[in-house]
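A.B. asks: Structure incoming, see below.
What follows draws every value from the coordinates through simple rules; no lab data is involved. For clarity, every value in this text was computed on a predicted model and none was experimentally measured. All Cβ positions, even for glycine, are placed from backbone atoms using ideal geometry, and neighbour counts span all protein chains on display.
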Amino acid sequence: MVEARSLAVQSVLYRNSAEDIERATRALTNSVRWARADRLISDWTLQLGDCSPSAVFTETSLAPLRAVVEAEGGTLGYTVFGANLGSAAGHNALAPLSSTQLLLILNPDAQVAPDAITALARAVVGDVGIAESRQVPLEHPKYFEANTGTTSWASTACAMTVREGFDKVGGFDSATFFLYCDDVDYSWQLRLHGYRVVFEPAAAVFHDKRLTITGDWPAGDAEIYYSAEAAILLAHKYSRPDIVRSLVARYTKDGSAAALKATAEYRKRKAAGTLPTPVDRAHKVAEFVKDNYAVHRF
Amino acid sequence: MTKKTIKDDHPSSFVGLIDVISGRKNVDPELHRRLESVRQLLVAPKTHEGPFLTVLVRTQGRRLEPLKDALLCLAGQTVQDFEVILLEHNATKDAAREVRAIVDRLEPEFGSRVRILEVKGGTRSKPLNAGVHEARGRYIAIYDDDDLVFADWIEQFRDTAGTDGDRLARAVVANQVVVPEIWPQGQSGFRTASWPNSEYPKTFDLLQHMLVNYSPFMSWAFPRALFFTYGMRFDENLTVAEDWDVILRGSLLLGVDDVPALTAIYRRWVGGESSYTSHDTESWRASEQAVIDRIDEHVIMMPVGSFNAMRRMVLYNTALDNYRFIFNGTSLRRPLNWAWDAVRPGFRVAVKVRNRIRRLRAR
């Protein structure tokens with residue numbers, strides 16, 4: 001029997017439409033309703049951090065959102081950061097605004113399924129530090145153990161984590177990661193502190209990802225650049241200089257603007273002495289499998 | 001619901017045929033007048049008070065987790081101008097209770113647009129006809145309870161078809177392999193085992209579809225007129241291939257607009273039950289033949305460009321015929337016949353395997 005725990009749901013906004021946030025909030029509130037009915041969640045709050053150049057909400061336009069949250073016994077916090085902090089720093093800034101036992105890191109426009117919060121709250125027990133939702137319609141291909149859900153890392157498009165673990169590892173490494181791999185790093189930090197990372201397929205979340213007509217992933221410029229940069233930094237942080245060398249060589253040979261910029265950023269940080277101190281020297285948690293951070297099913 | 005005016009910017013093939021005849025310089029004036037009268041009946045602006053789309057979701061309540069996914073995908077649509085009719089077909093009492101529990105837990109605004117329609121008996125077509133009867137949408141789309149749609153599934157249909165056309169709209173669907181699996185919290189779930197494979201043709205080719213169905217149900221938005229003006233219904237005598245039947249008859253009658261996007265995923269179950277495993281080969285063969293025979297009993301209209309395509313086919317077939325003499329026996333051709341006799345069993349097996357793979361891919 002899992003006892004009721006308090007929950008803070010955190011979303012970092014960046015140029016989202018108010019309508020999308022409202023719809024996502026209605027879905028979230030509905031999911032919280034059933035988790036509260038199942039006595040898995042007690043007090044809860046929704047904390048929105050806005051990184052947009054101009055705020056998505058005014059106090060007036062926020063009122064309906066607040067009403068939806070409060071109708072389900074929650075509170076709403078809306079913080080305008082006034083700068084694009086990135087997801088990692090944004091979530092770090094939001095976390096101290098509540099003191100709940102659980103944190104749900106949620107993409108602002110992702111819509112959770114009615115039983116997602118229930119399934120996640122049931123999954124985050126014992127030694128589990130973070131539980132990741134199953135994204136629909138495009139599921140992440142990471143391998144997970146059938147019976148336990150144990151996996152290498154958790155995507156924070158929608159993932160529930162214990163605050164105790166969040167505090168122990170110091171939240172997300174926002175100094176190193178701006179947009180990508182902050183969740184991989186956070187998961188591995190939890191594992192270094194003895195927590196388990198699980199994938200919970202019963203907790204579905206609709207994340208608006210699409211494919212090209214030929215079934216390919218349409219990566220945007222920001223994704224190409226920031227994921228390339230994060231790949232080098234993650235390899236450096238997890239004591240894999242061989243992979244760093246290999247990536248730098250490959251990016252240099254690639255010659256694209258994003259690849260060269262990622263390499264330049266790494267060299268700049270190296271020269272400035274601002275790279276993170278390498279951890280996991282015995283390679284206990286970090287998994288570098290081809291260009292992925294876990295074995296993939298497909 | 002908002003009232004929208006139906007205009008004449010997507011004329012159907014049927015209307016196109018009327019235009020061809022009535023547009024002739026020397027057509028009988030009386031025929032011209034009557035054809036125009038029919039045309040006006042078909043394309044005259046009319047008001048429609050229902051949503052843009054009615055989504056018919058068939059379920060037997062056997063795959064509850066996939067059904068939740070299917071509904072979640074609908075809740076996530078960028079265009080919410082739709083209603084959902086959940087066609088609960090031959091569900092057991094327990095399954096029906098589970099389905100109701102799922103609907104009861106939906107977010108209230110979305111849940112208010114989901115209706116359950118209980119249907120007992122009959123083939124897979126019976127719930128579809130029951131759903132069509134209840135549909136209020138200007139278009140009708142059909143979506144099985146184990147499939148997925150992307151956020152722009154309805155938006156793309158709307159953008160391609162407009163709100164007013166009388167043609168079918170056809171998008172591209174990918175296939176994805178899933179394997180049944182019990183999830184950590186005990187649910188009867190599945191494991192996704194492949195990346196979505198966009199293997200179907202990117203544009204609609206009626207001649208190709210006459211051979212096999214390359215477009216799963218979620219590919220299609222059927223105009224309301226197909227059912228309520230032209231009177232088409234799903235054939236309840238068919239045990240399977242009911243989709244292929246309406247796709248062919250509908251596209252022959254009204255024509256098809258291509259949606260230039262991949263908007264849905266068909267889940268191909270490995271080690272689980274599907275329409276393919278639930279019905280034997282004979283059932284598939286008989287249903288497919290029934291579809292072909294019925295179409296062949298009537299006059300059909302082909303889309304623009306078909307004449308050239310069919311000429312190329314006939315030309316190719318004629319060329320093949322011209323070389324068949326090689327295999328018709330005289331002593332001069334005997335060595336070739338011997339060789340052919342030797343390889344023929346293997347060739348037949350290869351053709352059967354190829355055809356089976358094509359059928360599997362098509363379903």
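A.B. asks: Per Stokes-Einstein, at 20 °C and 1.002 mPa s, what whole-number D in µm² s⁻¹ belongs to chain A, with the Kirkwood radius over Cα pairs as the hydrodynamic radius?
C.D. replies: Numbers: Rh = 19.8 Å.
Stokes-Einstein gives a translational diffusion coefficient of 108 µm²/s.
A.B. asks: Here is a follow-up. What is the distance in Å between the Cα centres of segment B:285-306 and segment B:101-130?
C.D. replies: 32 Å
A.B. asks: Charges only on Cβ, +1 for Lys and Arg, -1 for Asp and Glu: so what's the dipole of the protein assembly as shown about the Cα centre, in debye to the nearest 20?
C.D. replies: Numbers: 81 positive and 81 negative charges, 391 e Å.
Dipole magnitude for the protein assembly as shown comes out near 1880 debye.
A.B. asks: Along the Cα-to-C-beta direction of B:I300, a point sits 7 Å from the Cα; which residues of segment B:240-274 have their amide N less than 20 Å from that point?
C.D. replies: Label zone hits: B:240-258.
A.B. asks: If I stretch the segment between A:A175 and A:V289 completely, what's the gain in nm (0.36 nm per residue apart, minus their alpha carbon distance), one decimal? Don't jump to the answer; show the numbers that get you there.
C.D. replies: Values: separation 114, 0.36 × 114 = 41.04 nm, distance 2.48 nm.
Working it through step by step, the gained length comes to 38.6 nm.
A.B. asks: What does the convex hull of the alpha-carbon atoms of chain B project to on average, in nm²? Kindly include the intermediate steps, with their values, before the conclusion.
C.D. replies: On the way: hull surface 92.0 nm².
Over all viewing directions, chain B projects a mean Cα-hull area of 23.0 nm².
A.B. asks: While we're on this one: Would you mind giving the average projected area, over all directions, of the Cα convex hull of segment B:133-290 in nm² with one decimal?
C.D. replies: Working: hull surface 41.7 nm².
Computed as one quarter of the Cα hull surface, the answer is 10.4 nm².
A.B. asks: Provide the packing ranking of A:242-251, A:266-275, B:251-260, i.e. peptides ordered by the mean count of other C-beta atoms within 10 Å per residue, highest first. Please report the intermediate quantities before stating the final value.
C.D. replies: Values: A:242-251: 16.2, A:266-275: 12.7, B:251-260: 20.9.
The peptides rank, most packed first, as B:251-260, A:242-251, A:266-275.
A.B. asks: Another question, then. Please label the shape of segment A:115-257 as rounded, prolate or oblate, based on the square roots a ≥ b ≥ c of the eigenvalues of the alpha-carbon gyration tensor (a/c under 1.5 means rounded; beyond that, a/b larger than b/c means prolate, else oblate).
C.D. replies: Values: a/c = 2.21, a/b = 1.31, b/c = 1.69.
Taking the square roots of the gyration eigenvalues as a ≥ b ≥ c, segment A:115-257 is oblate.
A.B. asks: Applying the Karplus parametrisation 6.51 cos²θ - 1.76 cosθ + 1.60 with θ = phi - 60° to the phi angles of segment B:42-59, what ³J(HN,Hα) value in whole Hz is obtained for each residue in order, glycine and proline being reported as x?
C.D. replies: 7, 10, 4, x, 9, 8, 9, 9, x, x, 4, 9, 9, 9, 9, 10, 7, 8
A.B. asks: How many Cβ atoms of partner chains, on average, are near each residue of B:185-193 if near means within 10 Å of its Cβ? Spell out each step's value before the answer.
C.D. replies: Details: counts 10, 1, 4, 0, 4, 1, 6, 8, 3.
Counting Cβ atoms of other protein chains within 10 Å of each residue's Cβ and averaging gives 4.
A.B. asks: Considering only B:G76, B:G346, B:G122, give the residue with the highest GNM mean-square fluctuation for chain B, with springs between Cα atoms whenever their separation is below 10 Å.
C.D. replies: So, out of B:G76, B:G346, B:G122, the one fluctuating most is B:G346.
A.B. asks: Once every Cα of segment B:73-219 carries one equal point scatterer and solvent is ignored, give the base-10 log of I(q)/I(0) from the Debye formula at q = 0.10, 0.19, 0.21 Å⁻¹, two decimals.
C.D. replies: Reported log10 I(q)/I(0), two decimals: -0.43, -1.52, -1.61.
A.B. asks: Still on this structure, I have one more. What residues qualify as long-range amide H neighbours of A:R297, i.e. H under 5 Å apart, gap of 5 or more or another chain, H built at 1.01 Å from N?
C.D. replies: Residues meeting the amide H criterion: A:K142, A:Y143.
A.B. asks: Would you calculate the convex hull of the Cα atoms in segment A:235-293 and tell me its volume per residue in Å³? Kindly include the intermediate steps, with their values, before the conclusion.
C.D. replies: Numbers: hull volume 4.7 nm³, N = 59.
So the per-residue Cα hull volume is 80 Å³.
A.B. asks: Another one. Compute the Rg to Rh ratio over segment B:205-314 from the alpha carbon atoms, using the Kirkwood formula for Rh, and round to two decimal places. All intermediate terms of the calculation are to be shown ahead of the outcome.
C.D. replies: Numbers: Rg = 15.1 Å, Rh = 15.6 Å.
Computed over Cα atoms, the ratio is 0.97.
A.B. asks: Which whole number gives the average, over all residues in A:111-119, of C-beta atoms from other chains lying within 10 Å of the residue C-beta? Mind dumping the intermediate values first?
C.D. replies: Values: counts 7, 3, 11, 13, 6, 2, 0, 2, 4.
Partner Cβ neighbours, averaged per residue: 5.
A.B. asks: In nm, to one decimal, how far is the B:N355 label point from the B:L320 one, both placed 7 Å along Cα→Cβ?
C.D. replies: About 1.2 nm, to one decimal.
A.B. asks: Then there is this: Restricting to the protein assembly as shown, what percent of DSSP beta bridges are antiparallel, rounded to 5? Could the numbers behind the result be given before it?
C.D. replies: Details: 28 of 84 bridges.
Of those bridges, close to 35 percent are antiparallel.
A.B. asks: Pick from A:V80, A:V205, A:V197: which residue has the top mean-square fluctuation in a GNM of chain A where Cα pairs under 10 Å get a spring?
C.D. replies: Fluctuation is largest for A:V80.
A.B. asks: How would B:F52, B:F222 line up from fewest to most surrounding beta-carbon atoms within 10 angstrom? Write down the numbers at each step before the final one.
C.D. replies: Numbers: B:F52 24, B:F222 27.
Listing B:F52, B:F222 from fewest to most nearby Cβ atoms yields B:F52, B:F222.
A.B. asks: For B:V179 and B:A309 in the same chain, what is the full-extension length gain: residue separation times 0.36 nm, less their Cα-Cα distance, in nm?
C.D. replies: On the way: separation 130, 0.36 × 130 = 46.80 nm, distance 4.03 nm.
Gain in length upon complete extension: 42.8 nm.
A.B. asks: Another question, then. If you stretched the chain out fully between A:T274 and A:A37, how much longer would it get, using 0.36 nm times the residue separation minus the C-alpha to C-alpha distance? Don't jump to the answer; show the numbers that get you there.
C.D. replies: Working: separation 237, 0.36 × 237 = 85.32 nm, distance 4.78 nm.
Using 0.36 nm per residue and subtracting the Cα-Cα distance, I get 80.5 nm.
A.B. asks: Obtain the nm distance between the two label points defined at A:E145 and A:L260 by a simple spin-label model: each point lies 7 Å from its Cα along the Cα-to-C-beta direction.
C.D. replies: 4.7 nm
A.B. asks: What is the dipole size for chain A, taken about its Cα centre, with +1 at each Lys and Arg Cβ and -1 at each Asp and Glu Cβ, in debye to the nearest 20?
C.D. replies: On the way: 31 positive and 34 negative charges, 177 e Å.
Here the size comes out at about 840 debye.
A.B. asks: Here is a follow-up. Taking Cα centroids, how far is segment A:150-199 from segment B:197-237 in Å?
C.D. replies: 46 Å
A.B. asks: Output the Cα-based Rg and Dmax of segment A:16-83 in Å, rounding Rg to one decimal and Dmax to a whole number.
C.D. replies: My reading of the Cα-based Rg and Dmax gives 12.6, 40 Å.
A.B. asks: Which value in nm describes the separation of the simple spin-label points at A:E223 and B:E118, placed 7 Å from the Cα toward the beta carbon?
C.D. replies: Computed distance between label sites A:E223 and B:E118 equals 4.5 nm.
A.B. asks: For a footprinting-style exposure proxy, rank A:F144, B:F228 by other Cβ within 10 Å, fewest first. The partial results should precede the final answer.
C.D. replies: Details: A:F144 23, B:F228 13.
Least to most surrounded, the residues fall as B:F228, A:F144.
A.B. asks: Could you check which residue among B:T123, B:T229, B:T239 shows the biggest mean-square fluctuation in a GNM of chain B with a 10 Å Cα cutoff?
C.D. replies: B:T229
A.B. asks: A further question follows. Quick one: net charge around B:R158, please, counting Lys, Arg +1 and Asp, Glu -1 for every other residue with C-beta under 10 Å from its C-beta.
C.D. replies: On the way: positive: B:R138; negative: B:D81, B:D152, B:E155, B:D159.
Net local charge, B:R158 excluded: -3.
A.B. asks: For segment B:1-122, what ratio Rg/Rh do Cα atoms give with a Kirkwood hydrodynamic radius? Mind showing how you got there, number by number?
C.D. replies: Details: Rg = 21.7 Å, Rh = 17.9 Å.
Result for segment B:1-122 is an Rg/Rh of 1.21.
A.B. asks: Okay, moving on. So how strong a dipole does chain B carry about its Cα centre when Lys and Arg Cβ are +1 and Asp and Glu Cβ are -1, to the nearest 20 debye?
C.D. replies: Details: 50 positive and 47 negative charges, 225 e Å.
Once rounded to the nearest 20, the dipole reads 1080 debye.
A.B. asks: Taking Cα pairs under 8 Å and at least six residues apart, what relative contact order does chain A come out at, in percent?
C.D. replies: Numbers: 567 pairs, mean separation 54.7, N = 298.
Relative contact order, chain A: 18 percent.
A.B. asks: Same structure, new question: Expressed in nm², what is the orientationally averaged projection area of the convex hull enclosing the Cα positions of segment B:12-73? Present the calculation step by step, with values, prior to reporting the outcome.
C.D. replies: On the way: hull surface 28.6 nm².
It is 7.1 nm².
A.B. asks: To continue, here is another question. How large is the Rg to Rh ratio of the protein assembly as shown when both quantities use alpha carbon positions and Rh follows Kirkwood?
C.D. replies: Working: Rg = 28.7 Å, Rh = 27.8 Å.
Checking Rg against Rh, the ratio lands at 1.03.
A.B. asks: Restricting to DSSP H runs of at least four residues, report the calculated mean residue ellipticity at 222 nm for the protein assembly as shown, -39500 (n - 2.57) per run over all residues, nearest 500 deg cm²/dmol.
C.D. replies: My calculation for the protein assembly as shown gives -13000 deg cm²/dmol from helical runs alone.
A.B. asks: Could I ask something else about it? Only counting other Cβ atoms within 10 Å, I'd like B:I116, B:I300 sorted with the fewest neighbours first.
C.D. replies: Details: B:I116 17, B:I300 14.
Fewest to most other Cβ atoms nearby, the residues stand as B:I300, B:I116.
A.B. asks: Please report the net charge: other residues with Cβ closer than 15 Å to the Cβ of B:E236, K and R +1, D and E -1.
C.D. replies: Values: positive: B:R58, B:K120, B:R124, B:K126, B:R233, B:R249, B:R294; negative: B:D235, B:E242, B:D243, B:D245.
Charge balance in the 15 Å sphere: +3.
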